[in-house]
Amino acid sequence: MKYLEEFADPELAHKLLAEIADTVTKPWAIMEVCGGQTHSIIRHGIDQLLPGEVELIHGPGCPVCVTPVESIDRAVQIARRPDVIFCSFGDMLRVPGSHGDLFSVRAAGGDVRVVYSPLDAVDIANENPDKEVVFFAVGFETTAPANAMAVHQAHGRGLTNFSVLVSHVLVPPAIEAIMTSPDVRVNAFLAAGHVCSVMGTRQYEPIAAMYNV
């Protein structure tokens, strides 16, 4: 498949691993920020191939890990309303709040629907003008553009029954929270490239300077 096999080059991988082994002069604890990075690292066994001096620590890489309980509670409360169709990505349905989760709301008869894009929720609002359709807008910086586009399209289509429950989070404050922990032992971060493509890299420069990472 294009753009997959091209990067699966064992010879190049071994060359890079040898260069890393030759370069490392002290123990390093590196935290990857993105859940996609963690998935790729584990899937391809990269953590097992790196020299012993390099330790990879899994960071707060997915919305499930960082969405506040208060947001889950608000989502559950809204989803229980009989006049609401509540739309969410599937991985949020089993995230527990103080009084249950979205999956239990659906099991009890609530109209909770799994969507693969916020634009799907816009279509649902168009098809159900007698219902208030609420999309659970969670995630890091990368999800914000698509969620904003959904609001823009709903407005352009004249929909008055579409809204979003916003629980966006930013990567830099998450990194700062980690670095201010008294037990922190992270020496470096593997930043999320797709977040940098949205926000740039300037926001990381003060963190690198302040915490020497």
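The values are calculated or read from the model by the stated rules, or taken from the named source; none is laboratory data. Since the model is a prediction, treat every value here as computed from it, not as a measurement. Virtual Cβ from ideal backbone geometry, glycine too; neighbours counted across all protein chains shown.
Select from the range 101-129 the residues that are of a type in the set (G, A, S) and assigned to a loop (DSSP other than H, G, I, E, B) and write down the one among them that is farthest from G156 (Cα to Cα). For the range 101-129, the residue satisfying everything is A108.
Okay, residues lined up against (1) buried (at least 17 other Cβ atoms within 10 Å of the Cβ); (2) not assigned by TED's automatic domain parsing to the domain that holds R80:
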{"site": "F135", "(1), (2)": "yes, no"}
{"site": "G139", "(1), (2)": "yes, no"}
{"site": "G158", "(1), (2)": "no, no"}
{"site": "F162", "(1), (2)": "yes, no"}
{"site": "I178", "(1), (2)": "yes, yes"}
{"site": "A188", "(1), (2)": "no, yes"}
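Taking the stated definitions as given, is V166 under 17 Å from I78 (Cβ atoms), surrounded by fewer than 17 Cβ atoms within 10 Å (Cβ to Cβ) and of a type in the set (V, I, T)? So that I can check it myself, show each step before the final result.
Values: under 17 Å from I78 (Cβ atoms): yes; surrounded by fewer than 17 Cβ atoms within 10 Å (Cβ to Cβ): yes; of a type in the set (V, I, T): yes.
So V166 fits the description; yes.
Checking the conditions here, which among F162, F140 is among the aromatic types (F, W, Y) and closer than 30 Å to V213 by Cα? Walk me through how you get there before you give the answer.
Values: F162 fails: closer than 30 Å to V213 by Cα.
Among F162, F140, only F140 is among the aromatic types (F, W, Y) and closer than 30 Å to V213 by Cα.
Counting only helices (runs of 4 or more DSSP H) that sit wholly inside the range 168-213, those with at least 1 residues that are within 13 Å of G59 (Cβ to Cβ) and free of Cβ contacts under 8 Å to residues at least 12 places away in the same chain are 171-179. Scanning the range 130-166 for residues that are free of Cβ contacts under 8 Å to residues at least 60 places away in the same chain, in a helix (DSSP H, G or I) and of a type in the set (S, T, Y) yields a single hit, T142. Among the residues of the range 38-51, is any among the charged types (D, E, K, R), in contact with a Ser or Thr (Cβ under 9 Å, 6 or more places away or on another chain) and not in a loop (DSSP other than H, G, I, E, B)? Taking every residue of the range 38-51 in turn, none turns out to be among the charged types (D, E, K, R), in contact with a Ser or Thr (Cβ under 9 Å, 6 or more places away or on another chain) and not in a loop (DSSP other than H, G, I, E, B).
What residue, among those in the range 139-176 that are among the hydroxyl-bearing types (S, T, Y) and within 13 Å of the chain's Cα centre (by Cα), is modelled with the lowest pLDDT? Give the steps one after another, and end with the answer.
We begin by selecting, within the range 139-176, every residue among the hydroxyl-bearing types (S, T, Y); these are 142-143, 160, 163, 167.
Filter once more, keeping what is within 13 Å of the chain's Cα centre (by Cα): 142-143, 167.
Working: T142: 82, T143: 85, S167: 91.
Among those residues, the one meeting the criterion is T142.
Residue check: K2 meets all listed conditions (1) outside any helix (DSSP H, G or I); (2) at pLDDT 90 or above; (3) within 26 Å of the chain's Cα centre (by Cα) but one, namely (2).
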